[in-house]
Amino acid sequence: QVQLVESGGGLVQAGGSLRLSCTASGRTFAMGWFRQAPGKEREFVAGIYWPTGTTAYADSVKGRFSISRDNAKNTIYLQMNSLKPEDTAAYYCAARLRVTTGYGNWGQGTQVTVSS
C-alpha cells in the first residue's frame with residue numbers, strides 16, 4: 001500500500017497563492033489533487049501521469065493552478081495562483097497505482113481557505 005502525505009494548506013486572501021505538496025511512499029502510475037467543499041461532492045482538480053508527465057486540469061482551475069512533479073522525491077506539487085473564495089475546500093492528494101486502476105489511494109487532506 002502506498003502512503004500519501006500532504007502539506008501546504010492554509011489561509012490566504014483572494015488573489016493570493018499557495019503551494020501544496022504530496023509525497024508518495026512508493027511508485028505510482030499517476031497522482032492528482034481533488035477537493036471537497038462543505039456540502040459538495042469531491043471533485044477532480046489536477047492530475048499528472050508519471051511515465052510521461054502529461055497533466056490534466058479541471059476547467060475551473062485552468063490557467064491558475066499548475067501541477068508538477070519531482071521524480072527523485074516521489075513528490076507532486078500544486079501551485080495555486082489567483083485564488084478565489086470558491087477555491088476554499090479540503091484538498092486531497094490521490095494516487096493511481098496502475099494504468100488499470102482508478103484513484104484508490106488517498107492522503108489525509110489539507111485545508112485551503114481563501115478569504116474575500
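The values are calculated or read from the model by the stated rules, or taken from the named source; none is laboratory data. Please read all numbers here as calculations on a predicted model, not as lab measurements. Don't worry about glycine lacking a Cβ; one is built from the backbone with ideal geometry, like all the others, and counts go over all protein chains shown. In case anyone asks, the SASA skips ligands and DNA or RNA and just uses the protein heavy atoms, side chains included. Shrake-Rupley method; radii C 1.70, N 1.55, O 1.52, S 1.80 Å.
What the table shows:
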{"item": "Options ARG42, ARG98; residue that is open to solvent by 80 Å² or more (accessible area, probe 1.4 Å) and at pLDDT 95 or above", "result": "ARG42"}
{"item": "Where a residue in segment 14-29 is closer than 13 Å to ASP70 by Cα and free of Cβ contacts under 8 Å to residues at least 60 places away in the same chain and its partner, wherever it lies, is among the small types (Gly, Ala, Ser) and surrounded by fewer than 21 Cβ atoms within 10 Å (Cβ to Cβ), with Cβ under 8 Å and at least six apart", "result": "SER21/SER7; SER21/GLY8"}
{"item": "Residue check for SER60: among the hydroxyl-bearing types (Ser, Thr, Tyr), modelled with pLDDT of 95 or more and closer than 13 Å to THR110 by Cβ", "result": "no"}
{"item": "Selection status of GLY47, in a loop (DSSP other than H, G, I, E, B), among the small types (Gly, Ala, Ser) and either touching a His at 6+ places or on another chain (Cβ under 6 Å) or surrounded by 14 or more Cβ atoms within 10 Å (Cβ to Cβ) (or both)", "result": "no"}
{"item": "Counted residues, segment 58-77 - those being of a type outside the set (Asp, Glu), open to solvent by less than 60 Å² (accessible area, probe 1.4 Å) and either assigned to a strand (DSSP E or B) or in contact (Cβ under 8 Å) with a residue 60 or more places away in the chain (or both)", "result": "7"}
{"item": "The lone exception for VAL114 - which of (1) among the β-branched types (Val, Ile, Thr); (2) touching a Phe, Trp or Tyr at 6+ places or on another chain (Cβ under 6 Å); (3) at pLDDT 95 or above it fails", "result": "(2)"}
{"item": "Residues of segment 6-34 classified as closer than 21 Å to VAL112 by Cα and in contact with a Lys or Arg (Cβ under 7 Å, 6 or more places away or on another chain), total", "result": "4"}
{"item": "Residue list for segment 1-39, filter: in a loop (DSSP other than H, G, I, E, B), among the hydrophobic types (A, V, I, L, M, F, W, C), open to solvent by 40 Å² or more (accessible area, probe 1.4 Å) and closer than 22 Å to SER60 by Cα", "result": "ALA14"}
